[in-house]
Amino acid sequence: MANHMNAAKHGQGGKSLFGGAMIIAGTTVGAGMFSLPVVGAGMWFGYSMLMLVAVWFCMLMSGLLLLEANLHFEPGASFDTLTRHTLGRFWRIVNGLSIAFVLYILTYAYISGGGSIVNHSLGTLGLSLPQSVAGLVFALVLALVVLISTKAVDRITSIMLGGMVLTFFLAIGNLLLEIDMQKLIEPDGDASYIPYLFAAIPFGLASFGYHGNVPSLVKYYGKDPSTIVKAICLGTCIALVIYSCWLVATMGNIPRSVFADIIAKGGNMGVLVASLSEVISSAWLSNMLTLFANLAVASSFLGVTLGLFDYLADLFDFDDSRLGRLKTAAVTFIPPTVLGLLFPNGFLMAIGFAALAATIWAVIVPALLAYKVRQISPDYGGFKVPGGTPLIILVVSFGVITATCHLLAMADILPVYR
């Protein structure tokens, strides 16, 4: 979830609708790129697409409900202010803890994924490092960027996003031309796919997390709901299209049976990219795919850690002096980097845990906030998400079902494709 809130703050390039949509799309496309094909292997393509569209709709609605609540406050009010004034102390604490947990666990996920992809990249050059060391190098280099300044993150992320778009279309364009329709439609004849759908839902949720940017967009555009709604809808649609192309490209080229091997090797990013590279006919395009994977994980890492860095600086009251930033950096980077050294292959597991906590602050809390502001000011004439209370019940139910699915999959009650 590479959140480009900093880009929003500067209001670059006039307050265009496209700018807001790109902030949402850039934030959303992250973890899902490398977890979706692996966790979707069990239910395969048709059900993966069905799950993706259903999750996209629920996450779009929860974002709009958050926007509705946000518009009752002054621009600049964020989650903490919203929950404190609307839902009270208990939800404020629960929400704060879940946000911190998601940001920490995603930082660890990207260190794990980054180590894996750096390792794969070095392998193509004939070099090798232990994966935990590769993760450490990845974390140190990017932590330095965050430590320097928000502006450094902004500039480097902008360059990375440009590179990502270019390398993605070069590599994916080729993969889409090479797909085997037979692989997509009937990979294993009469195998059963539906049971694997439920364990994959939390990964779908983690793939559409942009909610931290909603208060930033309100701050950026002011109280202009029609533009913000369009930006959120357009941004999440772009993400949906990118994920869909990616599922077609991966599942149309890699047989379902090969995914079992990828999962057996930890399901990490490097393993998936290596399998795709074997399918791509030209070495140049294979390098484009590897470069894309490096840029995707690095920009996501920068976005997440910048959010975590600012959150912790605010929480512990560290100032912006050199010593203050160093203290914040220590609290931000040391715990997840140590985890990355101890458990180098936890990428998929970490994304699942992030989804579990994200059900609280990205799904359930936004629905409760909207419900509460409607009760507090029933005569409010501003923006209201259509669908009334039934939509709020649907969104909360989606959050509860997703959390339950993750817990049941962890307890080995739900089948997980291996």
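The values are calculated or read from the model by the stated rules, or taken from the named source; none is laboratory data. Just so we're clear, the structure is a prediction, and the values are computed from it rather than from any experiment. Every residue, glycine as well, gets a Cβ built from its backbone with ideal geometry; the counts of neighbours run over all protein chains shown. The accessibility values were calculated without ligands, DNA or RNA, using every heavy atom of the protein model including side chains. Shrake-Rupley method; radii C 1.70, N 1.55, O 1.52, S 1.80 Å.
Exactly one residue out of L289, L368, L312, L308 is part of a helix (DSSP H, G or I) and open to solvent by 10 Å² or more (accessible area, probe 1.4 Å): that is L368. Of the helices (runs of 4 or more DSSP H) lying entirely inside the range 32-132, those containing at least 3 residues that are more than 27 Å from C237 (Cα to Cα) and in contact (Cβ under 8 Å) with a residue 12 or more places away in the chain span 79-86, 89-124.
Scanning the range 176-185 for residues that are surrounded by 15 or more Cβ atoms within 10 Å (Cβ to Cβ) and in contact with a Phe, Trp or Tyr (Cβ under 9 Å, 6 or more places away or on another chain) turns up K183, L184. Scan the range 325-335 and tell me whether some residue there is modelled with pLDDT of 95 or more, hydroxyl-bearing (S, T, Y) and surrounded by 14 or more Cβ atoms within 10 Å (Cβ to Cβ). No; the residues of the range 325-335 include none that is modelled with pLDDT of 95 or more, hydroxyl-bearing (S, T, Y) and surrounded by 14 or more Cβ atoms within 10 Å (Cβ to Cβ).
Please work out if V137 is more than 30 Å from Y193 (Cβ to Cβ), in a helix (DSSP H, G or I) and without any contact (Cβ under 8 Å) to a residue 60 or more places away in the chain.
yes
Residues being crowded, with 24+ Cβ neighbours inside 10 Å, within 24 Å of A354 (Cα to Cα) and either of a type in the set (S, T, N, Q) or modelled with pLDDT under 90 (or both) are entirely absent from the range 49-60. The residues of the range 181-203 that are in contact with a Leu (Cβ under 6 Å, 6 or more places away or on another chain) and small (G, A, S) amount to a single one, A199.
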